[in-house]
Amino acid sequence: MGGAPDVNGDSGSDRTPRVLLIVLLAITSASYIDRIAISVLAPTLRDEFGMSNSEYALVINFFMVTYMIMYSVGGRLADLLGFRKALSLYIVWWSVSGALHGLSAGFRTLAASRLLLAVGQGGVWPAGVKTVAHNVRGPLRSLGVGIVNFGSSLGSALSVPIVGWLAVMWGWRAAFAIAGLMSLLLVPIWLLVTKRRAPTGKESARRKRTPWIRVIRYRQAWSVFVGRLISAGAWGFYTYWIPEYLTRERGLNLMEIGLMAWIPFVAAGLGDLSGSGATSWLVARGWSIDRARKTVLVAAAGAALAGIGTAYAPGAWSAMACISIGALGFKIVSVNLLNMPADFFPPSYVGTAFGFSGTGGSAGIVLTNAMIGWVLDATGSYWLVLVGVSSLTPLSVIGALLLARRIERVKGLPDD
């Protein structure tokens, strides 16, 4: 019962993989706390630095474009260094970069801090999923990927009250600094939990890799790419614009934002946990993966349309209710799209197809953020933004399903 943790899962107990998953959840959650801190503080930063909506969108896109590039670069670095060293490096880099936001003197230095933050955070998800693939066995592995992804919702929910409280108590500069440096506490915990042998770079390099050109020939790969390209903009709005909306449209102050802006992310977390589970539940009862996946996607797309009600809600709490239902629908769609590469391709193709679709998701957030900033500066109203963003998820489902046709394994590719 005693002894050092065996992260490779070779022992008869599954206790250690669960400990590892808890630490990974803490890491992905902490990364999102630092990522979302800027949206919590956006009303204060925009007023202090005199930023327009378009300039704020550009600051966000400095992060997103760099993140899109580093998502692939960071994954390769995890191959070369091994996930243990690579993820330690990412945590240190993003923690220091997050704290440096507190030294920003204006629009340009804030944008530079966002770029540096993305360099560290771009590899967190690929390294986290790689860790699960190497160390978690059996049915727990699928759950493990879901737990890693759940950090985006949990971290977003926690960021609102934590960063908001820090800013109210000590100011926005201290909020950035404290939130960033707190993540450094995860490094020794991570190194302790993974102190048993992790794959080296050479061992990782020996694993089969599939180039993009062998994946993008298939319309099934493009179906997931298009689905994430269109839908991800909704998550970009929930992530970066809700505090701004509550301030400009609903007249809330920072303390009031901290009391309610976390709610949509709790709803999103429920979508993370239930989205793939609902599909698996239907399959276990005899449904084909095609019928089950499409049923869940269409139902969730309908729920996402509830976000349109935000534009007509009489008060802030009713607006939060509409946004929360929309976020729930989006996340159920999102987690099912994330699972579709495994529906279509054998294991050696899945990672490449997943990375390809991730590029689409990042590009979607970049494009939507830029459009939101332009629309707000041009019209001064969130009405068109709310209607447009809420329509993205159902449009993404239509596009993905039209391209995918039947959801089943691609014919002619040998199983690994």
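Below, the figures for the structure above:
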{"quantity": "Prolate/oblate/rounded label for the chain (Cα gyration tensor, a/c 1.5)", "calculated": "oblate"}
{"quantity": "Förster radius 41 Å - calculated FRET efficiency between residue 19 and residue 379, Cβ distance, rounded to 0.05", "calculated": "0.20"}
{"quantity": "Using alpha carbons only: equivalent-ellipsoid semi-axes of region 339-416, gyration tensor based, whole Å", "calculated": "35, 14, 7"}
{"quantity": "Among 21-31, 370-380, the order from most to least packed when residues are scored by Cβ within 10 Å on average", "calculated": "21-31, 370-380"}
{"quantity": "Rounded accessible area per residue of the chain, 1.4 Å, Å²", "calculated": "41"}
{"quantity": "Exposure of residue 176 as accessible area (Å², to 10), given a probe of 1.4 Å and all protein chains", "calculated": "10"}
{"quantity": "Accessible-area composition of the chain, carbon plus sulfur, in percent [1.4 Å probe]", "calculated": "68"}
{"quantity": "Theoretical ellipticity at 222 nm over the chain - DSSP helices of four or more residues, -39500 (n - 2.57) apiece, nearest 500", "calculated": "-26000 deg cm²/dmol"}
{"quantity": "Prolate/oblate/rounded label for region 6-116 (Cα gyration tensor, a/c 1.5)", "calculated": "prolate"}
{"quantity": "Anisotropy class of region 18-82 from Cα gyration tensor, a/c 1.5 cut", "calculated": "oblate"}
{"quantity": "Too-long pairs where the Cα-Cα distance tops 31 Å, listed order kept, from 294/411; 85/411; 195/331; 130/411", "calculated": "85/411; 195/331"}
{"quantity": "Packing-based ranking, highest mean first, of 119-126, 291-298 given that Cβ atoms within 10 Å are counted", "calculated": "119-126, 291-298"}
{"quantity": "Nitroxide proxy distance, nm - points 7 Å out along Cα→Cβ at residue 387 and residue 214", "calculated": "4.8"}
{"quantity": "Relative contact order of the chain, pairs being alpha-carbon contacts under 8 Å that are 6 or more residues apart, as %", "calculated": "24"}
{"quantity": "Label-point gap, in nm, between residue 413 and residue 185 - each point 7 angstrom along Cα→Cβ", "calculated": "4.3"}
{"quantity": "Stretch gain in nm, segment residue 312-residue 284, where the contour uses 0.36 nm per residue and the Cα spacing is subtracted", "calculated": "6.1 nm"}
{"quantity": "For peptides 327-339, 400-412, sequence by mean Cβ density within 10 Å, most packed first", "calculated": "327-339, 400-412"}
{"quantity": "Span-rule helices in the chain, defined as complete DSSP H runs reaching 27 Å or more along the axis (Cα) with Kyte mean at least 1.0", "calculated": "15-40, 140-170, 263-284, 316-344, 383-404"}
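The values are calculated or read from the model by the stated rules, or taken from the named source; none is laboratory data. Since the structure is predicted, the reported quantities are computational estimates derived from the model, not experimental observations. Cβ sites come from the backbone with ideal geometry, for glycine too, and all protein chains shown count toward neighbours. For accessibility, only protein heavy atoms count, side chains too; no ligands or nucleic acids. Shrake-Rupley method; radii C 1.70, N 1.55, O 1.52, S 1.80 Å.
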